[in-house]
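The structure under discussion appears below in the form of structure tokens.
Nothing in this text is a laboratory measurement; each read-out follows from the coordinates by a stated rule. Fair warning: this is a prediction, and the values are worked out from it, not measured in the lab. FYI the Cβ positions are ideal-geometry reconstructions off the backbone, even for glycines, and counts take in every protein chain you see.
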Amino acid sequence: MAMAKLHLLRVLPLVLLCSCATQLAPGPYNGDKVLYNADLAITTAYDVCHRFVKWEYDNQVALAQFPEVKKAADKVRVNAPGLINSAISLREVYVSTGSPESRDSLLTIVALLRQLTTEAVKNLAEHTDL
Amino acid sequence: MNALSIIAAINAGLALVESLLPLLDIFKASGEISAEQQQELLDRYTSLKNKADGQFSGPEWQVRP
């Protein structure tokens, strides 16, 4: 378990910084790394945030004496839906227009999503040291 | 609430941390992303998008007083 946590904390900067230096084989994304990275950021942000708030919800009685856990989960509850839904909207605009402006907007929100994901994981990792 | 329930919560958190590792490891992927991997991601995205706001409607998403 401790190794898993160490590994997680090692991965965190990659989540935040990675522009995913990978190549796409011929496939559904047609080599569009911006779109691939956006979908990766959106789905990962949702999965991580959902698991974090569900863990806090499922263990709320035991965690009641650690109010900072609820505070961190509530921050995710308030911010994640708007951010993820906005990212989905901007992603769809990028797909339909392909304009440089829509690409820039998508890249900006993807960076915010990575930040949100990183904070959620960091909070979780910190608070499992209760 | 007792010490056992706190330990259970911590254990659940640690198990959660472990379960997140495969999700985050995908960011470390190097080399070429195959067509199958791309399709899997596209399916995950489409599923999330199609839920509209339903993905945030569970009780775990509600801010409690």
Task: Local electrostatic count at residue A:25 - Lys and Arg +1, Asp and Glu -1, tallied over other residues with Cβ under 10 Å - done: -2
TODO: Please provide three numbers in whole Å: the alpha-carbon extents of region A:30-127 along the principal axes, with the largest listed first.
DONE: 50, 21, 17
Open item on the list: Greater than 20 Å separation of Cα atoms is the criterion. Which listed pairs, A:70/B:51; A:71/A:122; A:71/B:51; A:75/A:122, meet it?
Closed with: A:70/B:51; A:71/B:51
TODO: Could you work out the local net charge near residue A:98, counting Lys and Arg as +1, Asp and Glu as -1, over the other residues with Cβ closer than 13 Å to its Cβ?
DONE: -2
Task: Average beta-carbon neighbours from other chains, 10 Å sphere, peptide A:41-49 - done: 5
Open item on the list: Can you give the local net charge around residue A:61? Use residues other than it whose beta-carbon is closer than 13 angstrom to its beta-carbon, Lys and Arg +1, Asp and Glu -1.
Closed with: 0
Task: Projected label distance in nm at residue A:96 and residue B:52, using a 7 Å step from Cα toward the beta-carbon - done: 1.6 nm
